[in-house]
Structure formats: structure tokens, C-alpha cells
Amino acid sequence: MAIYKNSFLTRFADRTGLKSSDFLSMYAPQIIKEILNNEKLFMPKASWFIGIPGSGKSSILRLFGVDILSEIIRQQAAYNHLYEPLVEAKIIVDDSIKTVGIYVQIDELYSEADNVTLSGISTEKLFFTLFDLRVAKQILAILEKIYKDVTEPNACVIVKEVDSAKLPPRIFSEKKDFHTFDTLIRRQEQLISQVLTSFPGAPIPELLELHNRFASLDLISAQQEFHNVKFILMIDDAHDLYPKQLQLLKNAVEKRNSFPRWVATRKHIYPIQFLVGDSMGNIDGREIYIFDLDNRLSKNKSLYKRFIKILVEKRLKSTFALSEYTTEQIEGMIYPEDLSKFTDSINIKKLQYEEIENIKNNSRITSQAIDEYIDGKKQYTPLEVEAILIKANRFIKSKQPSLFPELNIDLTEIASKDKQAAKLFLKKRAKVPLYSGFDIIVDVSNYNVEQFLRVFSPFIDRLIYRVELDKDLNIKPAEQYNILKKAAKSYIENVIPKLLYGKFIYQLVDNLGRFFSYRTYEPNAPHAPGVTQFAITSSDMEIIKKHSSSESHTWLEEIICTLTMAIANNVIVPEKEQHQGARDSEKKVVFSINRLLCIKYELPIQRGDFQIFSLEFLWEMCKSPLKPVDIKSRRLNRQRSLWSD
């Protein structure tokens, strides 16, 4: 197992040259049981693994590669937590691989193939051929591993020909031994490389044989029966194909065949109507199955936290200075703030007293709770006083017909959301770090491993530094808060602008974040525990669904593309359709902002209330910065949320 300075900085699934042992040492086991128990994935149909970056697509595919499975068999004692489920699922039988994935990663060569301008070269045929050769090469590697126990394995490996009725290309039309087939593949790869690097007008290599379709699918079927091995064609990073190439691939893999086809892709290739509403989650059809990896983890917070803890445990073992520490020890070093030691101070109580006294003197309301507090007849905790202040301010804002309205405050009946708002207000008043503790780091990762590593790696850097200098390892809450603020600032300033439509996404979430903060900290907490979501009406969603893309770049096209890319990259997250509001009111499609943005704008981490916007106004917020007070006054289609203003 390799040792790193900080293993939390590395995305191991994306490193093609990574040793199998290093990959497995980082692999958290929960996911494999869910995959193996999902019978649909092993049916001879096309399964699309969709998810945002860091959702685990590549990790799933690579686990079923021949090198990884061979390493699990070879080191079954070390990887028993993976070995046993694979044996139970009959992927491994008698320490032999019986089901194996043919891993094909889409890289820059496919885009280069589409840009070839040589006369007489069909870019479609070049695409088919390049893909077929990649598949054939992987089949050879698999057969070589499977026959590893034979005295002269390569001499014994036979590649079965494709039935002539399938009209295969010449390279697949005859039975060949390992060496012959390997030589032919390498020769064709060299010729394709020559084409990709040729100048316009250069002659086409005479021996280059281009394919008219994805003939490698027939090659897989032929080898599966001949060698008594079940294959899974696994295509990674399909989103990197050009749209025409992706459509050709989609048409081919979704046709009926004798083996499962797994395709991993990011979500931005899908239209927004697929990413929200009823289309979210798993889709199961006769020849296609869509497995939403984001949906899988976000539905089970406890499962995700267990997953993260095992991930941390494994990466700690590969981090030089921290290899002897456990997840529990690290969690103890990143402890949450104790609010009571701040809020019991005389200064906080004085500020609260002055504010309540001001309300008493400048409004007509009467309240037994307020009178008893001012007269010193009853003692309240600082948190209870914040709740009284919220209730009092809310009462003042409401329309009361009586001349001397009386406010009855029963602290035993305060709603949990009001208590959460009171705690947030109290932290702000006491200038206590709003966010601290290991659980907060897990929460702000937004159910995404890549985001967790991005946020958590600076904490590991800090711990490494302290171990090396033999300093106290505990990271105090104030320091944690600063690290989180820097991570959030880096995310919004360095990550979001680099996305497609990143400029618009950045401006949209900045306007939303500042507006949400403005509404969250209004004295009467009208949307307790705070505002962290926005919504569009179902009629606006219907407009989106009916819109057909064009090259005119209308404002509607631009806002649809902006929202689509924001969803596909986890900047905003679709929630379930909401029915709250007045009776017979229109349904709303609700979106949360990424929880790391809640750090940036000092919002509650838990799910808050939503504010409704029209598509036109969302587009206006994409173009330029707006003042929160202006957003409040100019919101179109103003409708009340769960709590009245």
C-alpha cells in the first residue's frame, strides 16, 4: 500500500496507472453490496450510472475490472469484506473470475477522431474502429488473466471469431491465437495514431480497416460463450463524447444483446426535466436501467456518514503522519463548539435585556413573559430569550386590530424550527463560530465524496503539520470555522466559475445566497430556521418542458441551460415537488443550494424554507448583482411560503 503526504488530496478512481492494491486500500465497502444485490444491473440490458462529479461512478466500474478482481482473489484475507460478497454473488467461483467487466474509458482520442479532416476518412467509422480496438484489447487482457495458471497461457488463449452472419470486420472474422490477435490490434492502433497526427491531404494508410458499426459488441458475445465467462461492457466518462458520438453509442448499447452494458456519465447530458420532478431516481425499462448515484446516498444520511467514516479510516492508513490514528480520534480532534460558555456571559445577557426593553418601550404589546423577565421575577436562558425576541418581533410585524394587544408566550410550545432560528441568532449575537465539528463537515459535503475530500483535506493538512511539530492536535472551533469559510470561498470563486455557464451560475447563487441571508436574519425569523431554497411554479416548469432548444440563445434558453448545468454539477439540488401554501395553490418545484454555500452566506445547514421566483426573475439574477432588499420588493409572482411574513 502506497503512503502519501495527504491521501485526502487524491482522487484514486481517476488514476489509470494506480496499482490495484492502492485502489482497493481506499475502497469503502458499502457500495458493493448494494450493487451486487441489484439484479437489474446484471441483466443483459443497458444500465446508465448517472451522477455528479465525485458520486462514485468510476469506482463502481473499476471494481469489476480484471486487475481489481484478481487482486481481491490474490489478497482475499486482506479484502475479505469484498471477497465474500463477490463469492456470494458468483462473480468469483472457486477463486476463478466468472463475471468480469470490460473497462473502456472515453478519453481525448475520441474527440480527436471526430476532428480528423483527411479526405476519404469517415469520422463515424473512425469512432467505431477506435472503440472496437479498445474493447478487443481489454478482452485480451482479461483472457490472459483468466488463463494465468496454464503453463504457457498466451499460447493457449484463442479469440473466437464473430459469426459471418453478423458481417464482422476482417480482424474479427477469423479465429486467432493470442499473439496473432494482439499483433493485429496493435498494428491497427498504430495506423489510427498515424491518421490522428496526419496533416490535411496526407494519404490514408493502406492497411487501415475502418468499421461500419460497433462490431466489438458481437466480439464480446462470441467470447462469452466460447470461454464460459460472463462479461459486462463498462464504458466510463461517456459525457466526454461529442453529442453525435454519444447518440451513436447510446443507440448501440441500448439494443438487445447477450450481456450487461454499464455506461457511466455525468448528468449534464440530460435535459432539466429529467433531472427534476418525477424523473429523478432509478428508471427501469425493458432494455434500459438508469441508476442515479446521487439519489442513492442522499436518501440515507446515516448510510452516507458510515460510508464517510470508513473512507476516512482507509485514507488515514495511507497518510504518512496520521496512519496510526482512527476516525474516532480524528473526530474527537475536530469537536463542536460549546455554546453555553459564550452565552452565559454578562455582556450577552445585557444585550438581550436592552433589546427586550426597547421592544417593551416602543410597542404597545403587553406580555407576562417579557414583564417577568424585565422585572427580574423569572430567569430565562439566553436561548429562551432569543426565542422570546423572535416571538415579540413576529407579533409586532403582524396586523393586530386591538389597541393594547397582549402577547402570550409559552416557551414549552415553541416550534423546533423557531428553536433552531433562536440558536442561530444567539450564535451570531455571541459571535460564536456558526459551524464546527466533524458532523458539520459531513453535512456540508452535500452527499458527495469529492466535495467531502475538498472540504476535509485542509483539516488533514493542519493535523499533519501539528503532528510533525509535536503540537496540540485539537483544532479549535474558531479555527474550524475559518477553514470552512475558506473552503466555501474557494468553491464559489474557483470551482463554480469554471463550469459551463459558470458566470451565470456564480451570479445566480451569489444573489440567492445574499438574499437568503437577508431573509434568514430578519428579527422576526419569518422563515425559520432560515431560507436555503428557492422554487419555481409548476406552470413555469411546464414552460421548460415544452421548450425546444435552438441556436437563437433566447433568455429562456439561457436560464434553462444555466439551471441544468447548476443541477448537473451539484450547485443546486432538486427537491421533491411541494404542495404547501393556500388550498388549491399551484405546486412548486423546489431547489436547495449546495450546503457549502450555506457556510459562505451563514445560513442554517439543515433544510430551510423556500422563496418562489419566476423564470424571468431568476434570469435577471443570473446577469447582475442585486441588492437583497430589491430582490424582496421586486420578486415576481409573490406567494407566501410556509410561514407568513
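The values are calculated or read from the model by the stated rules, or taken from the named source; none is laboratory data. Because the structure is a prediction, the values reported are computed rather than measured. We place every Cβ from the backbone using ideal geometry, glycine too, and count neighbours over all the protein chains shown. These area figures cover heavy atoms from the full protein model, side chains too; ligands, DNA and RNA do not enter into them. Shrake-Rupley method; radii C 1.70, N 1.55, O 1.52, S 1.80 Å.
Return the residues of region 463-494 that are assigned to a loop (DSSP other than H, G, I, E, B) and β-branched (V, I, T); say none if nothing qualifies. If you could, list the steps in order and put the result at the bottom.
Of region 463-494, the ones assigned to a loop (DSSP other than H, G, I, E, B) are 469-476.
Within region 463-494, I475 is the sole residue that qualifies.
Which residues, taken from region 95-122, are within 18 Å of L143 (Cβ to Cβ) and in a loop (DSSP other than H, G, I, E, B)?
Initially, region 95-122 is screened for residues within 18 Å of L143 (Cβ to Cβ), giving 95-104.
Correct list: D95, K98.
Okay, residues lined up against (1) within 13 Å of D510 (Cα to Cα); (2) touching a Ser or Thr at 6+ places or on another chain (Cβ under 7 Å); (3) open to solvent by less than 10 Å² (accessible area, probe 1.4 Å); (4) at pLDDT 95 or above:
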| site | (1), (2), (3), (4) |
| --- | --- |
| E586 | no, yes, no, no |
| Q611 | no, yes, yes, no |
| L618 | yes, no, yes, yes |
| S624 | yes, no, no, yes |
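The rows are residues; the columns are (1) open to solvent by 20 Å² or more (accessible area, probe 1.4 Å); (2) under 28 Å from the mean Cα position of the chain (by Cα); (3) of a type in the set (A, V, I, L, M).
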position	(1), (2), (3)
I73	yes, no, yes
Q76	yes, no, no
T117	yes, no, no
F128	no, no, no
K137	yes, no, no
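Does F515 count as buried (at least 22 other Cβ atoms within 10 Å of the Cβ), aromatic (F, W, Y), part of a helix (DSSP H, G or I) and more than 20 Å from the chain's Cα centre (by Cα)? Give the steps one after another, and end with the answer.
On the way: buried (at least 22 other Cβ atoms within 10 Å of the Cβ): yes; aromatic (F, W, Y): yes; part of a helix (DSSP H, G or I): yes; more than 20 Å from the chain's Cα centre (by Cα): yes.
Yes.
Condition (residue is open to solvent by 40 Å² or more (accessible area, probe 1.4 Å), at pLDDT 90 or above and assigned to a loop (DSSP other than H, G, I, E, B)) applied to region 265-287: is it met by at least one residue?
Within region 265-287, one or more residues are open to solvent by 40 Å² or more (accessible area, probe 1.4 Å), at pLDDT 90 or above and assigned to a loop (DSSP other than H, G, I, E, B).
Please indicate, with yes or no, whether at least one residue in region 190-203 is open to solvent by 20 Å² or more (accessible area, probe 1.4 Å) and closer than 30 Å to K45 by Cβ.
So the first thing to find is which residues in region 190-203 are open to solvent by 20 Å² or more (accessible area, probe 1.4 Å), and the list is 190, 193-194, 196-203.
With the extra rule that they be closer than 30 Å to K45 by Cβ, the set shrinks to none.
Checked against the condition, which is being open to solvent by 20 Å² or more (accessible area, probe 1.4 Å) and closer than 30 Å to K45 by Cβ, region 190-203 yields no hits at all.
Looking at region 242-259 only, could you name the residues that are touching a helix residue (DSSP H, G or I) at 6+ places or on another chain (Cβ under 7 Å) and either more than 23 Å from D114 (Cβ to Cβ) or open to solvent by less than 10 Å² (accessible area, probe 1.4 Å) (or both)?
Q245, L249, N257, S258, F259
Among the basic types (K, R) and in a loop (DSSP other than H, G, I, E, B): which single residue out of K125, K90, K145, K137 fits that description? Working first, answer last.
Details: K125 fails: in a loop (DSSP other than H, G, I, E, B); K145 fails: in a loop (DSSP other than H, G, I, E, B); K137 fails: in a loop (DSSP other than H, G, I, E, B).
After ruling out the rest, the residue left standing is K90.
Out of all the residues in region 289-302, is one or more farther than 30 Å from F534 by Cβ and either touching a residue at least 60 places away in the same chain (Cβ under 8 Å) or among the aliphatic types (A, V, I, L, M) (or both)? It would help to see each step written out before you state the result.
Within region 289-302, the first condition is being farther than 30 Å from F534 by Cβ, and the residues that meet it are 289.
Add one more test, that the residue is either touching a residue at least 60 places away in the same chain (Cβ under 8 Å) or among the aliphatic types (A, V, I, L, M) (or both), and what stays is 289.
Within region 289-302, one or more residues are farther than 30 Å from F534 by Cβ and either touching a residue at least 60 places away in the same chain (Cβ under 8 Å) or among the aliphatic types (A, V, I, L, M) (or both).
Determine which member of the set K301, K305, K309 is closer than 21 Å to D461 by Cβ, touching a helix residue (DSSP H, G or I) at 6+ places or on another chain (Cβ under 9 Å) and not aliphatic (A, V, I, L, M).
Numbers: K301 fails: closer than 21 Å to D461 by Cβ; K305 fails: closer than 21 Å to D461 by Cβ.
The unique qualifying residue is K309.
Residue by residue through region 90-108, note down the ones that are under 18 Å from K33 (Cβ atoms) and touching a residue at least 24 places away in the same chain (Cβ under 8 Å). I'd like the intermediate steps shown before the answer.
Step one: list which residues in region 90-108 are under 18 Å from K33 (Cβ atoms), which gives 90-92, 99, 101.
Across region 90-108, the qualifying residues are I91, T99, G101.
Can you name the condition, by its number, that F199 falls short on among (1) of a type outside the set (D, E, K, R); (2) in contact (Cβ under 8 Å) with a residue 40 or more places away in the chain; (3) within 18 Å of N115 (Cβ to Cβ)?
(2)
Does S122 count as over 28 Å from D67 (Cβ atoms), free of Cβ contacts under 8 Å to residues at least 12 places away in the same chain and not hydrophobic (A, V, I, L, M, F, W, C)?
Details: over 28 Å from D67 (Cβ atoms): yes; free of Cβ contacts under 8 Å to residues at least 12 places away in the same chain: no; not hydrophobic (A, V, I, L, M, F, W, C): yes.
The answer is no for S122.
Yes/no matrix, rows are residues, columns are (1) modelled with pLDDT under 95; (2) closer than 18 Å to F617 by Cβ; (3) of a type in the set (F, W, Y):
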position: N511; (1), (2), (3): no, yes, no
position: F515; (1), (2), (3): no, yes, yes
position: I536; (1), (2), (3): yes, yes, no
position: I544; (1), (2), (3): yes, yes, no
position: E551; (1), (2), (3): yes, no, no
position: E557; (1), (2), (3): yes, yes, no
position: N570; (1), (2), (3): yes, no, no
position: E575; (1), (2), (3): yes, no, no
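Counting only residues that are of a type in the set (F, W, Y) and either without any contact (Cβ under 8 Å) to a residue 24 or more places away in the chain or closer than 17 Å to E144 by Cα (or both), how many does region 209-229 have? Give the steps one after another, and end with the answer.
Within region 209-229, the subset of a type in the set (F, W, Y) is 214, 226.
Checking which are either without any contact (Cβ under 8 Å) to a residue 24 or more places away in the chain or closer than 17 Å to E144 by Cα (or both) leaves us with 226.
Qualifying residue count, region 209-229: 1.
Anything in region 332-373 that is surrounded by 15 or more Cβ atoms within 10 Å (Cβ to Cβ), of a type in the set (V, I, T), touching a Phe, Trp or Tyr at 6+ places or on another chain (Cβ under 8 Å) and more than 30 Å from G437 (Cα to Cα)? List them, or say none.
Result: I356, I365.
Among the residues of region 496-512, write down those that are in contact (Cβ under 8 Å) with a residue 24 or more places away in the chain, assigned to a helix (DSSP H, G or I) and open to solvent by 10 Å² or more (accessible area, probe 1.4 Å).
Hits for region 496-512 are F504, Q507, D510.
Considering only region 94-115, how many residues are farther than 17 Å from V135 by Cα and of a type outside the set (G, A, S)? Explain how you work it out, then say what you get.
So the first thing to find is which residues in region 94-115 are farther than 17 Å from V135 by Cα, and the list is 94-98, 111-112, 114-115.
Remaining after also requiring of a type outside the set (G, A, S): 94-95, 97-98, 112, 114-115.
The qualifying residues number 7.
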